[in-house]
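Structure first, then comments.
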Number of protein chains: 2
Amino acid sequence: PLPAKPPSPTNPFASLTIPETVAIHDWVSSPALNLNLTAGDKAFISDNYIYRIEAYRPPKKDAIAYLDNPEQTSPPEKYAHIVIHHGSASEPYVQDYLVGPIPISEKTAMRKLTEVYHRDPIPYSARGFTTMNEIAPLLLRIMPPLAEATEDLFGGVVRGLPNDTIVGGMAAPFSFDGSFRRGWISWRRNVPGPWLHPVNFFMYVDTTGTDPEQWKLLKLVYNHQVFNTTDEFLAAYRNGTLKRLPDRPDQDPSSVDWSTRKRPQPHSLRDLDHLPGPRSVSFGGVRFRVDRALQYVSWMGWGMYFGFDRDMGLSLWDLRFKGERIIYELAPQEAMAQYAGNDPMQSTTAWLDRYFGMGSAVRDMMPGYDCPHEAVYLPATTYNYEGSITRERAICIFEHDPGRPITRHTGYAAGEMGATLGYQLIVRSVSTVGNYDYLFDYIFQIDGTVEVRLSASGYLQGGYWEPSQEGYGTAIRDSTMGSLHDHVINYKVDLDVAGTENSLLFTHTATEKITQPWLDDDWGQEVIQQKISKTYIENEDDALLKYPANFQGGYSLVNRESLNRWGVPRGYAIHAGYSPIHNTVVGSKRLLNNANWARYNLAVSKRKDTEPTSSSQWNLHLPGAPMVDFHKFFDGENLTQTDLVAWVNVGTHHLPQAEDSPNTRTNLAASSFFLTPLNYFDYDVSIDSRNAILLAAP
Amino acid sequence: PLPAKPPSPTNPFASLTIPETVAIHDWVSSPALNLNLTAGDKAFISDNYIYRIEAYRPPKKDAIAYLDNPEQTSPPEKYAHIVIHHGSASEPYVQDYLVGPIPISEKTAMRKLTEVYHRDPIPYSARGFTTMNEIAPLLLRIMPPLAEATEDLFGGVVRGLPNDTIVGGMAAPFSFDGSFRRGWISWRRNVPGPWLHPVNFFMYVDTTGTDPEQWKLLKLVYNHQVFNTTDEFLAAYRNGTLKRLPDRPDQDPSSVDWSTRKRPQPHSLRDLDHLPGPRSVSFGGVRFRVDRALQYVSWMGWGMYFGFDRDMGLSLWDLRFKGERIIYELAPQEAMAQYAGNDPMQSTTAWLDRYFGMGSAVRDMMPGYDCPHEAVYLPATTYNYEGSITRERAICIFEHDPGRPITRHTGYAAGEMGATLGYQLIVRSVSTVGNYDYLFDYIFQIDGTVEVRLSASGYLQGGYWEPSQEGYGTAIRDSTMGSLHDHVINYKVDLDVAGTENSLLFTHTATEKITQPWLDDDWGQEVIQQKISKTYIENEDDALLKYPANFQGGYSLVNRESLNRWGVPRGYAIHAGYSPIHNTVVGSKRLLNNANWARYNLAVSKRKDTEPTSSSQWNLHLPGAPMVDFHKFFDGENLTQTDLVAWVNVGTHHLPQAEDSPNTRTNLAASSFFLTPLNYFDYDVSIDSRNAILLAAP
Ligand SMILES: [Ca+2]
Ligand SMILES: [Ca+2]
Ligand SMILES: [Ca+2]
Ligand SMILES: [Ca+2]
Ligand SMILES: [Cu+2]
Ligand SMILES: [Cu+2]
């Protein structure tokens, strides 16, 4: 692609480079700081080690001052955000720090980062995972003695060898408030697509503390029978009182291709499918510009910087359209998936996938499949306790023709008849968190609209199908089910509409019954029609919002002091797209206060540097006392002509069905919202486009 | 494109050919029938003349018998549907007839078609329009004497000459029950985009009966002042008591380019917009097949026949996927647009655009703009009182890459990692009804899903902006507003899921609070989670439906006696897409009973040949006593394992904004629903696709 012209020579939202990360790592590790650190790749959880190093986003005031006047202003000072696992403390804990300014100099200092959290420090029981096999020592104490029984009952043994025939997966949350770390393990066949091969065998284990010797089995459940010890279970197995599951012919390990992406045999060949499908080609060269070093992209009047972080991956910054900043920050915040079921795993699962890291879960996309052939890929680097990793194809960018005009009219008079092509720029990043694939799309349009769309694919978190699961999902195989769950994904949308001083407008339509003087005889003077009411929501406490019934109206951010040419406050609307839903379940202990944003379709709060995000890596395991308690943002502050941020949800109610196997289809598992000009302009600016036609009578 | 292989050598849903139409016309016009017909192009409304000739769709039983066994079965007998305006009757009326079988033979007969209507005959006051200038004789009596005043007040005169500077547009309905034909005329500047140039001058006229000499002005409204006669108005104008509107500099006839599609001067050039945008190319040739003569299309396991008629244009028939019929008929039924405002026009407008004919309003699409370059176009022929007309580019068909995989997973185990391209076949037809453009899209997907999408563009029906219009729309120019309105468009979806014997399943999710034996210490035994309930809606009276709040569940048609391999009844779900709304206003006299389908998101009734459609051409002018009263379909019949039809709505609440000028944007003015397999298959059949990748570890 052609080189871009970013507004400033520095991207204030850029990730750290690997040399920067190394320098910070070395500085933090220096004996002078006395942190007693172990190298991450050698550390055990009872050591002190650096879990994360990444860029910390600058105060908005500083960033804007720079971006608005880069020639006369210095870039904001750069700080790094460091997470240290203090595993060797007498009471182990996790602590967040800020280190800076960087590059390292004599001015560089380190301080605790606490102002963005609602508790301090971070309980060790909520800490991030290191190896996924952290609990292996415990499982290797529990499982081998059960091998005879498990082999007999469901053909699975664990001896800690590569040919172990079952694998355990632990559900979350691990804790309520950080005082313990315990979880349910579901055992699954060790075959491709293991999530679809549960064996109806569960364990509740205690892994509190840093000494695996102290970890223990608390409970064991097989086929709905609860045992407190392995001995109890083995006794029941041996004395014949154990109620066994029926045989499962479809789970024969030699015929598990159904849970892969291999084409089933036989399968029907679709007519002409041996030919390549249509391919998008920009015969004059691609029309977007990319600054790969700065991670800046521009297209058709749009321009934006990219950021990337461990927790949520790609974020977009300083989005401008036709020369004006429209969005300061557009970034996913958290992805919730809350399950239901009649087994210990599904009924207790409420994932918040930020814990796993949407950024660190980004893997290289498959060119030509994940994105069209013409797409341009950008890399992203994330750091974990073992070091830095760069994915070369973490982000893709391509121009897309949606196949319909953005406006058109078949008219008769001169100048009426024509059409404008509705080109889009799509920016995409895909994260695979275990079984699930999230496709994050930002779809920019030539009229100033952006559609934010999340699609999902990948594997279901399957359950063991039996009649007692009725109501909690659907059989997708003889003895496998897809389990009922809700996805809700939250985005931060820091709209700055004609400046940062904005107000929250609620537009609502309702029916009125009025009389009109010019009507009478035939119809009577009475008219029943609709009418718009406009209200400014003044207080944060009133800004936890659901879409009105029948979508009669909606929400927008407007600048009441900036009018368009026709006297209307300039605004941007937040418009529902596909699947505009919020979480079904309210009040579950396992999601008590750590994802309260999911209760609404959207919410609007006064923007603060101390409220940078609606969640945190650690919220997953702290439903009772989260690091970030979203409701605390809503503390009665006034929303009139101030810097506002919208927290907007997408999601799907996932009622699984046979067609979720082997992988969920993105066409139905998609949800979106639009950010779209609302009297922001004086007319539809897509009329600027040269890729348009105007027909005249001959 | 390559030739297709339709299941039968005849399209039972085909339109009449022009020779067939001529033959029927001649047969009906023969003196033997004694209908006293005048040739349509010479007829006046006080004559008898043929208004319409078109194919009548065969009884479903006959069509299915033929389609399922075309070798051994004859095609259904063909009948034509004739509409005659009996203008010379002492009490003029309109009558629908069936003529057939055709081709004309000795067996051919003519009978009244009444069984599909709820009244008989059709009142002449509800008749179809012939020339749009039907009321010209009246207006040319009224307007010239007002020329001095209208020229002075708003620079507009009407003398019946081509340079008339204002034009009148009449709002509908014209009648309540057929007993009168009266309407409000709004006067607009005679410039391109006249709908955006109202002058705040209205007339209520009576055009009842067939003698224009009897037609008369009933009321005249200027700037909210009501006059019963032109004399009253002129007196007020002359004696200075008339309250005048302020000057309207933006309406200067020499600077009205803003209501055209011409690029405004100056306008900003978008970066790289001088280059062509991405273009879709099927390098191996297009992958769909078309039988142009039969109007049959197939693609990737899908196949369908096209029908086309005057009222609603394109319809799809006998839609099969992977060898099984899924939908017998998929066809738009009616398009409602109900307005609100503080003037006589907007507050009384409730369009039903079937009156104007979505089929006869089809005009040739603009290749490369309305559809991509590769699109294949099919023609359509419609008949009106003047004769037949064929549009060569009435329908377009193209394969589309939506730019994202339909399924994908980034896995580790063998067979887990891959992606399948989500190709689509899009079938489109565009109808322009006066100011408004409707884009009808059918988006077929390789998993068996079809998205039915309606997008809108074209011009607003504008009002005169002044402060008293607050709440009824938004200023889009100094003195022009876009008026608040709802669009609701109804589709007939005759799903036949694994046969015609289907049931209506309502799936609903709600929160439950239960206890589980395996839980206790840390969290307590209580679990709050969601649960699915499934109910069969047994009675039509319970099948007038809205989407559940928060879309917690939905509706599907299933065959309870046909199970997939996992024991689940095979079904197809009706899934909400973009803008899943219904009409806001209930009870308005101008839409009292002629569009009751618009009150719901969808409805399901027992299918009948005598209930072929939810509306009629004449419903617009008969809100109090419509030809087709949708609620009468819902008469308590049982819906269990019988042939069902779903009536599904799309729509938009159109709260106009500056960006609707000059034309509404299709990206936001779009609404859709999905028809998608729901345990219809045993797994996701898109896995068949060859346009897929499967990655293995090296
Ligand atoms: Ca606050
Ligand atoms: Ca803001
Ligand atoms: Ca009925
Ligand atoms: Ca049916
Ligand atoms: Cu899901
Ligand atoms: Cu509209």
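Taking 7 Å steps out from each Cα toward its Cβ at residue A:91 and residue B:44 produces label points 10.0 nm apart.
For region A:104-151, what is the accessible area per residue in Å² when the probe is 1.4 Å?
Here the residues of region A:104-151 average 49 Å² of exposed surface.
Looking at region A:358-451, the GluC sites (Glu not before Pro) that sit in a DSSP loop and have at most 14 other Cβ atoms within 10 Å of their own Cβ are A:386. Taking H placed 1.01 Å from N in the peptide plane, check which residues at least 5 places from residue A:327 or on another chain put their amide H under 5 Å from its amide H. Correct list: A:319, A:496. Residue ranking by accessible heavy-atom surface, 1.4 Å probe, largest first, among B:177, B:684, B:257, B:643 comes out as B:257, B:177, B:643, B:684. Label 7 Å along Cα→Cβ of residue B:136; region B:153-189 residues with amide nitrogen under 13 Å? Once the point is set 7 Å along Cα→Cβ of residue B:136, B:159-164, B:168 turn out to lie under 13 Å by backbone N, inside region B:153-189. In chain B, the sites counted are chymotrypsin sites (Phe, Trp or Tyr not before Pro) in DSSP loop states with at most 12 other Cβ atoms within 10 Å, and the longest stretch holding none of them, exclusive of the sites, is B:413-698. Close amide H contacts of residue B:637 (hydrogens built in the peptide plane, cut-off under 5 Å, sequence separation of 5 or more or a different chain): B:540, B:541.
Stokes-Einstein diffusion for region A:282-344, with the hydrodynamic radius set to the Kirkwood value over Cα pairs and evaluated at 37 °C in a medium of 0.692 mPa s, equals 230 µm²/s.
In terms of Cα atoms, the Rg and Dmax of region A:338-433 work out to 21.6, 70 Å. Summary for residue A:274: label point 7 Å along Cα→Cβ; distances to the equivalent points in the other copies, ascending, 4.6 nm. Long hydrophobic helices in chain B, taken as whole DSSP H segments with a C-alpha length of 15 Å or more on their own axis and mean Kyte-Doolittle hydropathy at least -1.0: B:18-29. The residues of region B:226-274 present an accessible area of 61 Å² per residue when probed at 1.4 Å with all protein chains retained. If the label point is 7 Å along Cα→Cβ of residue A:29, which residues in region A:54-68 have backbone nitrogen under 20 Å from it? Backbone N within reach: A:54-55. Each listed q (0.19 Å⁻¹) maps to a log10 I(q)/I(0) for region B:34-93, found by the Debye formula over equal Cα scatterers with no solvent: -0.69. Its alpha carbons considered, region B:196-293 gives a radius of gyration followed by a Dmax of 26.4, 77 Å. Compute log10 of I(q)/I(0) for region A:515-673 with the Debye formula, placing one identical point scatterer on every Cα and leaving out solvent, at q = 0.13, 0.20 Å⁻¹, to two decimals. Result of the Debye calculation: -0.80, -1.35.
Think of each Lys and Arg Cβ as +1 and each Asp and Glu Cβ as -1; about the Cα centre, that makes the dipole of region B:441-496 roughly 180 debye. For the protein assembly as shown, the Kirkwood hydrodynamic radius comes to 33.7 Å, computed from all pairs of different C-alpha atoms.
Taking every alpha-carbon pair under 8 Å whose residues sit at least 6 apart, chain A reaches a relative contact order of 13 percent. The simple Förster model, with R0 at 56 Å and r as the Cβ-Cβ distance, assigns residue A:412 and residue A:216 a FRET efficiency of 0.10.
Position residue B:19: other-copy label points at 8.2 nm, ordered by increasing distance, label point 7 Å along Cα→C-beta. The figure for residue B:508 is an accessible area of roughly 60 square angstrom, using a 1.4 Å probe on the protein chains alone. Among the listed pairs A:546/A:589; B:112/B:216; A:531/B:534; A:60/B:531, those with a Cα-Cα distance over 32 Å are B:112/B:216; A:531/B:534; A:60/B:531.
Counting only protein heavy atoms and using a 1.4 Å probe, the accessible area of residue A:608 comes to about 50 Å². Label separation (residue B:69 vs residue B:152): 8.2 nm, computed from points 7 Å beyond Cα along the C-beta direction.
With a 1.4 Å probe and all protein chains in place, put B:57, A:111 in order of accessible area, largest first.
The ranking, largest first, comes out as A:111, B:57.
Electrostatic bookkeeping for residue A:615 treats Lys and Arg as +1 and Asp and Glu as -1; over the other residues with beta carbon under 12 Å from its beta carbon, the sum is -3. Between chain B and chain A, roughly 16900 Å² of accessible surface gets buried, counting both sides and using a 1.4 Å probe. Projecting label points 7 angstrom from Cα along Cα→Cβ for residue A:534 and residue B:294 puts them 5.7 nm apart. Residue B:213 label point (Cα plus 7 Å toward Cβ) to equivalent points in the other copies: 11.7 nm, shortest first.
Contact-buried residues of region A:645-662, at a threshold of 20 Å² lost accessible area versus the chain by itself: A:653, A:655, A:657, A:658, A:659, A:661, A:662 (1.4 Å probe; DNA, RNA and ligands ignored).
The residues of region A:307-427 have, on average, 20 Å² of accessible surface per residue, using a 1.4 Å probe with all protein chains present.
Solvent-accessible area assigned to carbon and sulfur over the protein assembly as shown amounts to 52 percent, based on a 1.4 Å probe. Expressed as a fraction of 2.2 N^0.38 Å, the value expected for a compact globular protein of N residues, the C-alpha radius of gyration of chain A is 1.04.
The values are calculated or read from the model by the stated rules, or taken from the named source; none is laboratory data. Predicted model, so just to flag it, every value in this text is computed and none were measured. Glycine gets a Cβ as well: all are built from the backbone with ideal geometry, and neighbour counts include every protein chain shown. Heavy atoms of the whole protein, side chains included, go into the accessibility calculation; ligands, DNA and RNA do not. Shrake-Rupley method; radii C 1.70, N 1.55, O 1.52, S 1.80 Å.
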